[in-house]
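Shown next, in structure tokens, is the structure this report addresses.
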Amino acid sequence: MSDMSSPSNSSSSSGNAAGNTSAKTPVLTVDHLTMRFGGLIAIDDLSFHAYRGDITALIGPNGAGKTTVFNCITGFYKPTVGMLTLDRPDTGASFMLERYDDFLINAKAGVSRTFQNIRLFAGMTALENLLVAQHQRLMKASNFTIGGLLSLPGYRHAEEAAIEKAAHWLERIELTDRADDAAGDLPYGDQRRLEIARAMCTDPVLLCLDEPAAGLNPRESADLNALLRDIRKTDDVSILLIEHDMGVVMEISDHIVVLDYGKKIADGTPEEIRGDDAVIAAYLGVEDEEVEAVEKEIGV
Amino acid sequence: MSELADKTAGAGQGTHGTASGPKIIGALKDAAIAGVIALLLAIPILSFRTIPGDGGLAMYSRWREVAIAVAAVFTGRLLLNLFWWSQSGTPSRTKASALKSLSSLLSSSTRFIAPAVIIFAFLLPFMPFSNRYIMELAVLVLTYVMLGWGLNIVVGLAGLLDLGYVAFYAVGAYSFALLATTFGWSFWICLPLAGILAAMWGVILGFPVLRLRGDYLAIVTLAFGEIVRIVLLNWYTFTGGPDGISSIPRPTFFGLEFKRFGDNTFAQYFGLEYSSLHRIIFLFYIILILALITNFATMKLRRLPIGRAWEALREDEIACKALGINTTTTKLSAFAIGAMFGGFAGSFFATKQGFISPESFVFLESALILAIVVLGGMGSQIGIAIAAVAMIGGIELFRDLAEYRMLIFGLAMVLIMVWKPRGLVGTRTPSIFLKEKKTISADLVQEGHG
């Protein structure tokens, strides 16, 4: 575990990491995260940072535990051991994510996610999908339905603002023409982008994307890259993504964390990862006679 | 089964390969299978009849009827195969599209139909053909329309399958009856209180079932409905047990009573000749207004964040959580509001009947209300209204046919569900639109998993 490319592995991780990546503030700090399912250790003592304004990619071979990390961060699983700290850059508040219930992670901490298998509200229109995402704010504006029932001006203004915001996002994902079509009717690539827009409508500080490029053709994949770069540029949001498509990962991410069998095997910029022997070994496998040497190198 | 049928088909018909042979052979084979099934069903159902004879029951057989039934099924199926269905065995395209256009007409012309129906409903008591029977029937139908609309919030919008809805109807009725008979409060005070109490019971039911989905939710709600009924039946000191509660006060028109004699009666005040019809017409307007309140409240709620959250919950609960929607309060609010309207309907039922007992709140009622919602199309207000009229009106219409009416009725329901598996109006109307309102096909809308 004393590998050069894994900067954070102890309680002094923040100092260490800051030295490595030029004084960026972390939004998400994952500290000694372990997740066990019975006898299976899905994640084993994982520590890393996601920095503000960065696109951090979480990669690894199938079954490496990437989605489990996501489920821990977004509250769908409670980690067995470890700490997940989210520092909201906007309010300065700090949240221990492992202590929050599923929906509060989004509502309070501002972590928003998409799913590996798209989970849009298929029977609702694209516009409705984006309005449901703004539920928190609209619910407050409607005085928990009472003001809404009476059509008070406060609620009407909030609803207009919500529609405007939804329209803005539809514009950005180029789906304005299909705003009133059922989400389930949209082509696959559009559904992916709509899901990202829906996640963005919750005003997140950390956007977690679970394989956003899965099943996309090269053109749609390029559109997705453009969208993610655009989001990073214009919105104050940090992105954490799981991806298998190395084209997407290498092109857009600022920082890559590589997992294999629940352990972190590398952590660094795309250039560093590209040349990392442990990563190459994990992805491509190694010759039998090299196994020992590689194992020594990656510390197992 | 099919091997057996094949043999019968081969032995019985002895078909030869002709020019259009395959089609005829296939049709005969299919008809023979249907005939065998009919035979197997007819033997236990039709073939024997018991009559009280000397010193006990005598049994005589009815093989002629069995033969007629089997022959009818065989020829009917054969004719359907040859002339009605296309070769693939599905209804031909023209018929399917005709049905589709009918349903789209139904859903698209809601805008014109709904106001017309409401105006017609308001004028119904003054129509030349309206009489006591029609008014009583209209009151009954409207009660079920209201119950259907109330259950629609839980089942149709939030996608929570509730088989114990009658419990809230019962809670509303008993709350009303007990409040009115114990404290002597008037209808207009007891009505909202009964609604609030029913809503409270909706939340009480909601808590234990929050984590349950689908079949499990259905079973627990079913049990809840039975628990409420059995408590009402056995808590003799409080509810009167099987004797029920009688002499529940009737509603008054701003303090004017609908009585033949007395100081302050409706007929006397307006200088009308007393007629028992006045009270029924008054009840009709009460339930009409209550039902319309349910409808407009539901339509308004659908367009509010809470309503969209209900529908989102039906579509995908996990995605809701990821978007920061508190699924607990969302589910509980659906149960509470659905139950509240059930409670209103229950109060109305109590004041209309003047007497209630647990017998009125059996599982069959829950099933009937759910059938109305499913038949009408989950989530569709107009569909549910049509289904309620058809079901309750239909049951009354076939009253002369005695025991066969349920048979006809069941058959009609099966046919409708085969034609339109998602109910009469299966399409969904979006709650909001940017440019153009497009209805959403039923295939995309989820049915909810609880």
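The values are calculated or read from the model by the stated rules, or taken from the named source; none is laboratory data. This structure is a prediction, so every number in the text was calculated from the model and none was measured. Here the Cβ positions follow ideal geometry from the backbone for every residue, glycine too, while neighbour counts run over all protein chains shown.
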Task: Candidates B:249, B:242, filtered to the one that is in the same structural domain as residue B:332 (by TED's automatic domain parsing) and assigned to a loop (DSSP other than H, G, I, E, B) - done: B:249
Task: Failed condition for residue B:249, given (1) touching a helix residue (DSSP H, G or I) at 6+ places or on another chain (Cβ under 9 Å); (2) within 27 Å of residue B:444 (Cβ to Cβ) - done: (2)
Task: Wholly enclosed helices (runs of 4 or more DSSP H) of the stretch B:330-423 bearing at least 2 residues closer than 30 Å to residue B:246 by Cα - done: B:363-376, B:381-397
Open item on the list: Let me spell it out: the conditions are (1) out of contact with any helix residue (DSSP H, G or I) (no Cβ under 9 Å at 6 or more places or on another chain); (2) surrounded by fewer than 24 Cβ atoms within 10 Å (Cβ to Cβ); (3) not β-branched (Val, Ile, Thr), and residue A:35 meets all of them except one. Which number is the exception?
Closed with: (1)
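Hey, among the residues in the stretch B:246-265 that are under 35 Å from the mean Cα position of the chain (by Cα) and of a type in the set (Ser, Thr, Tyr), which one's modelled with the highest pLDDT?
Step one: list which residues in the stretch B:246-265 are under 35 Å from the mean Cα position of the chain (by Cα), which gives B:246-259.
Subsequent filtering for residues that are of a type in the set (Ser, Thr, Tyr) retains B:246-247, B:252.
Details: B:246: 85, B:247: 82, B:252: 77.
The qualifying residue modelled with the highest pLDDT is B:246.
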TODO: For residues that are more than 7 Å from every other protein chain (Cβ to nearest Cβ) and assigned to a helix (DSSP H, G or I), tally how many sit in the stretch B:302-329.
DONE: 9
Task: Of all residues in the stretch B:8-44 being modelled with pLDDT under 80, exposed (fewer than 11 other Cβ atoms within 10 Å of the Cβ) and farther than 19 Å from residue B:79 by Cβ, the one that is nearest to the chain's Cα centre (by Cα) - done: B:11
Open item on the list: Quick check on my filter: what residues within the stretch A:96-131 are assigned to a helix (DSSP H, G or I) and either at positive phi or more than 7 Å from chain B (Cβ to nearest Cβ) (or both)?
Closed with: A:97, A:98, A:99, A:104, A:105, A:126, A:129, A:130
TODO: Please find, among B:214, B:206, the residue that is in contact with a Lys or Arg (Cβ under 8 Å, 6 or more places away or on another chain) and of a type outside the set (A, V, I, L, M, F, W, C).
DONE: B:206
TODO: Residues being facing chain B (nearest Cβ under 10 Å) and under 20 Å from residue A:228 (Cβ atoms): count how many of those fall in the stretch A:142-182.
DONE: 3
- [ ] Check residue B:142 against each of (1) surrounded by fewer than 24 Cβ atoms within 10 Å (Cβ to Cβ); (2) in a helix (DSSP H, G or I) and name the one condition it does not meet.
- [x] (1)
Task: Candidate set from the stretch A:57-89 (those that are part of a loop (DSSP other than H, G, I, E, B), of a type outside the set (A, V, I, L, M, F, W, C) and touching a Gly at 6+ places or on another chain (Cβ under 8 Å)); member that is nearest to the other protein chains (Cβ to nearest Cβ) - done: A:88
Open item on the list: Given the options B:195, B:214, B:150, name the one that is surrounded by 24 or more Cβ atoms within 10 Å (Cβ to Cβ) and within 19 Å of residue B:330 (Cβ to Cβ).
Closed with: B:150
Task: Counted residues, the stretch A:64-77 - those being at positive phi and either outside the structural domain of residue A:99 (by TED's automatic domain parsing) or without any contact (Cβ under 8 Å) to a residue 40 or more places away in the chain (or both) - done: 1
